[in-house]
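Engineer: Please read through the structure below; I'll follow up with questions.
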Amino acid sequence: MTERFRSTSEEKGKTMKITVTKDGPYLVSGGVPLSIEKEICNDDEGYCRNWRVIKTFSVQEQYSLCRCGRSRNMPFCDGTHAKIAFNGIETAGGETYLRHPTVIMGPGLELLDHENLCVHARFCMRAGGIWNLTKQSGIREARETAIEEACNCPSGRLVIRDRASGKEVEPALGKSIAVIENPAKGEHGPLWVRGGIPVVSADGKTYTVRNRLTLCRCGKSGNKPFCDGSHVEH
Ligand code: FES
């Protein structure tokens with residue numbers, strides 16, 4: 001990439017933003033790429049392993065994404081939130097749960113588990129589960145599987161830290177939004193916001209900027225604007 005093109009795309013990335021509107025949709029600005037993805041299971045035991053792109057939309061400078069879960073033009077807003085008097089009050093507050101994760105220590109890795117952010121993507125269950133794998137992270141295979149599982153966690157519930165360097169191990173994700181669908185389970189998941197796009201509340205506060213986070217698009221989360229897994233029927 002030439003310097004000129006690199007600086008142009010870096011400048012563009014800086015203008016990308018998602019604004020939560022009061023009882024309304026997410027306003028996405030700055031030309032954020034949008035796609036629809038789904039979880040796929042590709043091992044014999046049915047564990048989730050990879051992501052597959054179903055559809056990519058042409059890039060728009062601005063667009064509105066449904067937050068109430070009732071649009072007939074998903075994933076975009078069609079104004080239904082006003083007709084149903086959607087209550088989209090933001091309840092995530094100061095995101096205190098980010099400062100108090102459950103910490104699992106292993107010989108090579110440390111796992112930070114922010115349980116409130118679970119979206120039930122289920123990438124963390126394979127090979128005995130990421131919690132056991134972390135405890136066995138002195139073994140190369142366990143360590144690599146734990147890192148892979150954490151990096152596939154869309155919400156950033158699971159974060160792996162390398163104990164030797166003290167650094168978090170994060171996947172390289174371009175700034176973009178993916179709509180998560182899981183047809184095998186009949187689930188319509190959240191919006192997966194990737195690459196550190198700022199999310200701004202309706203009253204102008206910027207939430208913690210993270211490489212991976214998921215926004216509720218079903219209207220049922222108890223931790224709005226973030227997904228808390230409530231879209232999954234138990
Ligand atoms: S999309 Fe997961 S709780 Fe709404």
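Engineer: Exactly one condition in (1) in the same structural domain as S201 (by TED's automatic domain parsing); (2) of a type in the set (G, A, S); (3) surrounded by 14 or more Cβ atoms within 10 Å (Cβ to Cβ) is false for A82; which is it?
Structural biologist: The one condition A82 does not meet is (3).
Engineer: Sort out which residues of the stretch 98-127 are over 22 Å from N223 (Cα atoms) and without any contact (Cβ under 8 Å) to a residue 12 or more places away in the chain, and write them in order of number.
Structural biologist: none
Engineer: On to the next question. Any residue that is part of a strand (DSSP E or B) and surrounded by fewer than 18 Cβ atoms within 10 Å (Cβ to Cβ) - is there at least one of those in the stretch 209-222?
Structural biologist: Checked against the condition, which is being part of a strand (DSSP E or B) and surrounded by fewer than 18 Cβ atoms within 10 Å (Cβ to Cβ), the stretch 209-222 yields no hits at all.
Engineer: Would you be able to tell me the number of residues in the stretch 179-193 that are open to solvent by 60 Å² or more (accessible area, probe 1.4 Å) and not small (G, A, S)?
Structural biologist: Here the count works out to 3.
Engineer: Continuing with this model, one more query. Which one of D162, D228 is charged (D, E, K, R), within 11 Å of the ligand (Cβ to nearest atom), surrounded by 15 or more Cβ atoms within 10 Å (Cβ to Cβ) and not assigned by TED's automatic domain parsing to the domain that holds R67?
Structural biologist: D228
Engineer: I've got another one for you. Would you confirm whether or not the stretch 212-220 contains a residue that is near the ligand (Cβ under 8 Å from one of its atoms) and either at pLDDT below 95 or at positive phi (or both)?
Structural biologist: yes
Engineer: When you scan the stretch 193-205, do you find a residue that is assigned by TED's automatic domain parsing to the domain that holds Y47, farther than 21 Å from T96 by Cβ, of a type in the set (A, V, I, L, M, F, W, C) and away from the ligand (no atom under 14 Å from the Cβ), even just one?
Structural biologist: There is at least one residue in the stretch 193-205 that is assigned by TED's automatic domain parsing to the domain that holds Y47, farther than 21 Å from T96 by Cβ, of a type in the set (A, V, I, L, M, F, W, C) and away from the ligand (no atom under 14 Å from the Cβ).
Engineer: Just one of (1) open to solvent by 10 Å² or more (accessible area, probe 1.4 Å); (2) in contact (Cβ under 8 Å) with a residue 60 or more places away in the chain; (3) out of contact with any strand residue (DSSP E or B) (no Cβ under 8 Å at 6 or more places or on another chain) trips up G196, so point out which.
Structural biologist: Here G196 clears every test but (2).
Engineer: Can you spot a residue in the stretch 128-140 that is under 18 Å from the mean Cα position of the chain (by Cα), under 28 Å from L109 (Cβ atoms) and of a type in the set (F, W, Y)?
Structural biologist: So far as the stretch 128-140 goes, no, none of its residues is under 18 Å from the mean Cα position of the chain (by Cα), under 28 Å from L109 (Cβ atoms) and of a type in the set (F, W, Y).
Engineer: Of everything in the stretch 32-64, what is part of a loop (DSSP other than H, G, I, E, B), open to solvent by less than 80 Å² (accessible area, probe 1.4 Å) and either among the aliphatic types (A, V, I, L, M) or touching a Phe, Trp or Tyr at 6+ places or on another chain (Cβ under 6 Å) (or both)? Give them in sequence order.
Structural biologist: V32
Engineer: Here's something else I'd like to know. Given the criteria open to solvent by 30 Å² or more (accessible area, probe 1.4 Å) and among the small types (G, A, S), does S176 qualify?
Structural biologist: So S176 does not fit the description; no.
Engineer: Additional query: Just to be sure before I move on: is E233 outside any loop (DSSP other than H, G, I, E, B), open to solvent by 20 Å² or more (accessible area, probe 1.4 Å) and within 12 Å of the ligand (Cβ to nearest atom) in the structure I sent?
Structural biologist: Against the criterion (outside any loop (DSSP other than H, G, I, E, B), open to solvent by 20 Å² or more (accessible area, probe 1.4 Å) and within 12 Å of the ligand (Cβ to nearest atom)), E233 does not qualify.
The values are calculated or read from the model by the stated rules, or taken from the named source; none is laboratory data. A quick note: this is a predicted structure, and the numbers were derived from the prediction, not measured. Don't worry about glycine lacking a Cβ; one is built from the backbone with ideal geometry, like all the others, and counts go over all protein chains shown. When the accessible area is computed, the model is the full protein with side chains, heavy atoms only, and any ligands, DNA or RNA have been set aside. Shrake-Rupley method; radii C 1.70, N 1.55, O 1.52, S 1.80 Å.
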